[in-house]
Amino acid sequence: MDLVRILIAILLPPLGVFLQVGIGAQFWINILLTLLGYIPGIVHAVWIIAKR
């Protein structure tokens with residue numbers, strides 16, 4: 001299941017974080033990072049998924 005979440009995180013980083021932790025601080029941080037640059041959003045999303 002984590003592989004599917006990581007693939008989703010690469011395509012749509014906020015969705016990957018949402019599926020892992022729901023709507024919370026990490027979700028909003030990821031949206032901000034994705035808006036500032038797509039790559040930081042991906043890195044953050046993969047980190048959140050791999051951490052849990």
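The values are calculated or read from the model by the stated rules, or taken from the named source; none is laboratory data. As the structure is a prediction and not an experimental result, all values here were calculated from the model. Just so you know, the surface numbers come from the protein's heavy atoms only, side chains and all, with ligands and any DNA or RNA stripped out. Shrake-Rupley method; radii C 1.70, N 1.55, O 1.52, S 1.80 Å.
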Carbon/sulfur accessible area of the chain, % of total, 1.4 Å probe, equals 79 percent
Dividing the Cα radius of gyration by the Kirkwood radius, what Rg/Rh value follows for the chain? 0.91
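Roll a 1.4 Å probe over the protein chains and send me the accessible area per residue for the chain in Å².
It amounts to 64 Å² per residue over the chain.
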Anything in the chain that counts as a DSSP H helix reaching 15 Å or more along its axis (C-alpha) with Kyte-Doolittle mean of at least 1.0? List them, would you? 25-36, 38-51
Contour minus Cα-Cα span, L7 to K51, at 0.36 nm per residue, comes to 14.3 nm
